[in-house]
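Here the structure is laid out as structure tokens; the discussion comes afterwards.
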Amino acid sequence: MILLTRKADFSAAHFYWNPALSDEENQRIFGKCANRNGHGHNYTLEVTVAGEIDPISGFVVDLKLLKDILEREVVSVYDHRHLNIEVPEFADTIPTTENIAIAIWRRLEGKIPHARLHRVRVYEMPDLFADFYGEA
Amino acid sequence: MKAHLSRRYHLSASHRLHSELYTAEQNRETFGKCNNPHGHGHNYIVEITVSGQVDPATGMVVNLGDLDGFAQEKLLARFDHTNLNLDPAFRDLVPTTENLTIVVQQIFSGFSHARLERVAIEETGNNSFELMSV
């Protein structure tokens with residue numbers, strides 16, 4: 001078994017707000033991120049898959065195919081979008097880095113042939129990132 | 001859903017690798033340039049990984065303000081722009097980055113808002129050290 005990681009970038013706007021909480025609680029918990037006019041980041045996505053090396057091609061998964069899947073399933077939906085407003089899974093879920101990693105896992109699960117999704121890592125910025133391993 | 005969150009903190013500090021158990025010659029042999037009596041320094045990057053259930057109300061494993069506040073008080077205020085050899089933790093311990101990683105793991109074991117999974121420290125861009133929680 002070998003792990004293979006592919007990166008992709010997307011830039012998006014978001015804000016953190018839980019409508020079940022008061023304005024004061026939202027401000028206290030989310031601080032600057034609660035500004036409902038939104039703000040944005042250059043996100044970096046790292047998708048790691050696990051699989052066996054095909055003896056003929058020497059690949060775990062064709063990188064071009066993986067790149068196309070990331071583009072189709074994630075980047076084309078998230079890039080240069082407002083996550084809260086334009087991406088359906090964040091209509092009722094706060095687009096924190098943790099939740100973005102979980103949402104991307106759900107978008108990719110079962111879509112990558114010949115390999116198993118191992119980890120989704122999302123960098124909100126170089127010094128902050130979340131990992132999701134598909135754990136309950 | 002369980003997720004991991006990692007945060008990187010930057011701290012600059014000086015140190016000298018020197019053991020009282022070695023002779024001067026053994027210290028020079030073992031630690032080389034790092035045994036320079038006047039010390040030298042690095043821009044360390046401390047990467048802290050914590051895990052936990054994503055809180056449905058906040059979408060977070062841990063409130064970043066809590067983690068940053070803890071790091072500021074317990075890590076950065078203590079070590080940033082200091083001489084590591086003068087810290088009580090290194091009175092009898094050579095301040096290698098291996099030992100710094102152990103000390104930082106002990107510090108963050110006291111962070112109560114999420115489970116500490118991993119401490120990794122880059123001493124330079126070319127070497128790094130990590131400890132996984134058991």
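FYI, it's all coordinate maths here, none of it is from the lab. Note that the coordinates shown come from a computational prediction; the quantities given were computed from them, not determined experimentally. All Cβ positions, even for glycine, are placed from backbone atoms using ideal geometry, and neighbour counts span all protein chains on display.
Look at segment A:3-28: where a residue is within 14 Å of chain B (Cβ to nearest Cβ) and a partner is in a loop (DSSP other than H, G, I, E, B) and small (Gly, Ala, Ser), sitting 6+ places away or on another chain with Cβ atoms under 6 Å, you get A:PHE15/A:GLY38; A:ASN18/B:ALA57. Figure legend. Inter-residue proximity from segment A:76-95: first residues within 12 Å of chain B (Cβ to nearest Cβ) and in contact (Cβ under 8 Å) with a residue 60 or more places away in the chain, second residues among the small types (Gly, Ala, Ser) and part of a loop (DSSP other than H, G, I, E, B), beta-carbon distance below 6 Å, spacing 6+ or different chains. Indicated pairs: A:ILE94/B:GLY59. Within the bounds of segment B:50-68, is there any residue that is within 24 Å of A:PHE129 (Cβ to Cβ), part of a strand (DSSP E or B) and in contact with a Phe, Trp or Tyr (Cβ under 9 Å, 6 or more places away or on another chain)? Within segment B:50-68, one or more residues are within 24 Å of A:PHE129 (Cβ to Cβ), part of a strand (DSSP E or B) and in contact with a Phe, Trp or Tyr (Cβ under 9 Å, 6 or more places away or on another chain).
Here is a check on your reading of the model: is A:LEU117 loosely packed, with under 12 Cβ neighbours inside 10 Å and either touching a helix residue (DSSP H, G or I) at 6+ places or on another chain (Cβ under 7 Å) or in contact (Cβ under 8 Å) with a residue 24 or more places away in the chain (or both)? So A:LEU117 fails the test.
Considering segment A:88-111 alone, what residues qualify as being out of contact with any strand residue (DSSP E or B) (no Cβ under 6 Å at 6 or more places or on another chain) and buried (at least 20 other Cβ atoms within 10 Å of the Cβ)? A:PHE90, A:ILE94, A:THR96, A:ASN99, A:ALA103 - these are the residues of segment A:88-111 that are out of contact with any strand residue (DSSP E or B) (no Cβ under 6 Å at 6 or more places or on another chain) and buried (at least 20 other Cβ atoms within 10 Å of the Cβ).
Condition check for A:TYR133 on (1) out of contact with any Ser or Thr (no Cβ under 8 Å at 6 or more places or on another chain); (2) surrounded by fewer than 18 Cβ atoms within 10 Å (Cβ to Cβ); (3) in contact (Cβ under 8 Å) with a residue 24 or more places away in the chain; (4) within 14 Å of chain B (Cβ to nearest Cβ): one failure, at (3).
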